[in-house]
Amino acid sequence: MEYLALPPGLLTTSMAARACGVKPATIRDWVRRGILTRCGGSPKRPYFRVADVTEAMLAAKPCRPGQRGATAA
C-alpha cells in the first residue's frame, strides 16, 4: 500500500527503487549499510528525500573481489 498524500520531494521505498533502477531490497540494503538514511514515515513504510536517493545512487559502492562488477586490481 502506498501513501495517499506524500509530501513533495519525498519518495517511498518502491518509488526510490524505480527512480534508481534497482529493486526495493537494494534500497533497504543501502539503508542498512548507511548509504541512505530515512527522513520519516514508519519503520515498515519509510520515506526518503529525493536528494538523498540521488546521492546514494551516485555514491561509489564498495565491492569485493569476486562480486559482479568488481574490477581486478
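Things to note:
- Rounded, prolate or oblate (a/c below 1.5 giving rounded, otherwise prolate when a/b exceeds b/c) for segment 10-58 by Cα gyration tensor: rounded
- Going from the residue with the fewest nearby Cβ atoms within 10 Å to the one with the most, 29, 52 rank 29, 52.
- Taken along the Cα-to-beta-carbon direction at a fixed 7 Å, the label points for residue 59 and residue 33 span 0.9 nm.
- Each Lys and Arg adds +1 at its Cβ and each Asp and Glu adds -1 at its Cβ; summed about the Cα centre, segment 10-58 shows a dipole of about 240 debye.
Bear in mind these aren't lab numbers, they're just calculated from the coordinates by the rules spelled out. Keep in mind the model is a prediction, meaning the values are calculated, not measured. Backbone-built Cβ (ideal geometry, glycine too); neighbour counts: all protein chains shown.
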